[in-house]
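Asks: Below is a structure I'd like to ask you about.
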Amino acid sequence: MSCRACSLPPYSLRTVHRLEVEALMRLASLKTLYIDWSGVVSNDMLAVYEASCRLRRQFNLPIVSRAEWLQKCLGAANVRDEFRKAGVALTDDQIFAAYEDTYAAVKEDGIVPTMYPDAYEFLAETARHHRIIVVSAHPHAELKNEIEMYGVEEFISIAAGSVRNKPLRLQTMHRLARHARHEAAYAGDMSADVQAATLAGMLSIAVSTGYHPHELLKAARPDLLVSSLTQLRGHMRR
């Protein structure tokens, strides 16, 4: 173990897996934090569930309970996957367009997302030392609207919404930035986010506040698994 690792607080070495200790060490040289939106910064589960229910009616699919819907989310990386698996015979463009229109209508009807309680402080503090880039499948127009609604525009360098292929988008951004692996990380709330970060050649951080539970994220083997942005902020301070 290097002297740098020994400088970590004793409780970290006792409670964090060796690979996570290495990830914590790499956070010290982080330059850019790529971050997902839904389930990490924004708690939009009710709005997304309502949009899914409305689309199910539109596509003549049975309505499922929220618990059943969450189970279906376990194997879906985005709305396209959810409805493809349900047998909807539309193009990707048609599915995404229908979802974006429906989600916007849900918000207009008063079912609006909220920012996680610790997200503002996390973004404000992280932006002092790192570049923050949002990469999300969330509809781009809604992403921009919610960033403004939450008052966090000044903390975010780039916001990329409506991303259909996260690995490719992250790879492209990572390559253009010319960062080493330890200089960039992607934080998301789903197993697909862990895979996207790995494929893009950056550190993977799983945050268990969103759509995938802790154990499922753990099985995806992220470099670092945290239960909240507050915990991640604590790790990044060291």
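Every number in this text was worked out from the coordinates using simple rules, so none of it is lab data. All of these numbers come straight from a predicted model, not from anything done at the bench. Cβ placement follows ideal geometry from the backbone for every residue including glycine, while neighbour counts extend to all protein chains displayed.
Asks: Calculate, in nm to one decimal, what Ala28 and Asn145 gain on full extension: separation in residues at 0.36 nm each, minus their alpha carbon distance.
Replies: Using 0.36 nm per residue and subtracting the Cα-Cα distance, I get 38.9 nm.
Asks: So who's got an amide H within less than 5 Å of the one on Asn43, skipping anything under 5 residues away but keeping other chains? H placed 1.01 Å off N, in plane.
Replies: Close amide H contacts, sequence-distant or interchain: Thr114, Met115, Tyr116.
Asks: Along the Cα-to-Cβ line of Asp81, 7 Å from the Cα, sits a label point; which residues in the stretch 145-184 have backbone N less than 16 Å from it?
Replies: 162-170
Asks: Using a 10 Å cut-off on Cβ atoms, rank the peptides 33-42, 214-223 from the highest mean neighbour count down.
Replies: 33-42, 214-223
Asks: Looking at the stretch 45-108 from every direction and averaging, what is the projected area of its Cα convex hull in nm²?
Replies: 3.9 nm²
Asks: Find the relative contact order for the stretch 45-108 and round it to a whole percent, using C-alpha pairs within less than 8 Å whose residues are 6+ positions apart.
Replies: Answer for the stretch 45-108 is 47 percent.
Asks: Under a point spin-label approximation (7 Å from Cα along Cα-to-Cβ), what is the Arg237-Ala89 distance to one decimal in nm?
Replies: 5.7 nm
Asks: Using the Cα centre of the chain as origin and beta-carbon charges of +1 (Lys, Arg) and -1 (Asp, Glu), tell me which of Trp37, Ser228, Trp69 is placed farthest towards the positive end of the dipole.
Replies: Ser228
Asks: Next question, about the same structure. To the nearest 20 debye, what charge dipole does the chain have about its Cα centre, counting +1 at the Cβ of each Lys and Arg and -1 at the Cβ of each Asp and Glu?
Replies: Its charge dipole is roughly 1020 debye.
Asks: Based on the Cα atoms of the chain, what semi-axes does the equivalent ellipsoid have, where each is the square root of 5 times one gyration tensor eigenvalue, given in whole Å with the largest first?
Replies: They are 32, 18, 17 Å, listed from largest to smallest.
Asks: Further, regarding this structure: Taking the Cα centroid of the stretch 26-58 and of the stretch 66-134, what is the distance between the two, rounded to the nearest whole Å?
Replies: 5 Å
Asks: Within the chain, what percent of beta bridges assigned by DSSP are antiparallel, to the nearest 5?
Replies: Taking every DSSP beta bridge with both residues in the chain, the antiparallel ones total about 10 percent.
Asks: What length, rounded to one decimal in nm, is gained on full extension from Leu216 through to Ile158, with 0.36 nm per residue of separation minus their alpha-carbon distance?
Replies: 18.0 nm
Asks: In percent, how large is the relative contact order of the chain, given Cα pairs closer than 8 Å and 6 or more residues apart?
Replies: On the way: 347 pairs, mean separation 63.0, N = 238.
Worked out over the chain, it gives 26 percent.
Asks: Using the 10 angstrom Cβ neighbour count as an exposure proxy, how do Met45, Met236 rank, fewest first?
Replies: Met45, Met236
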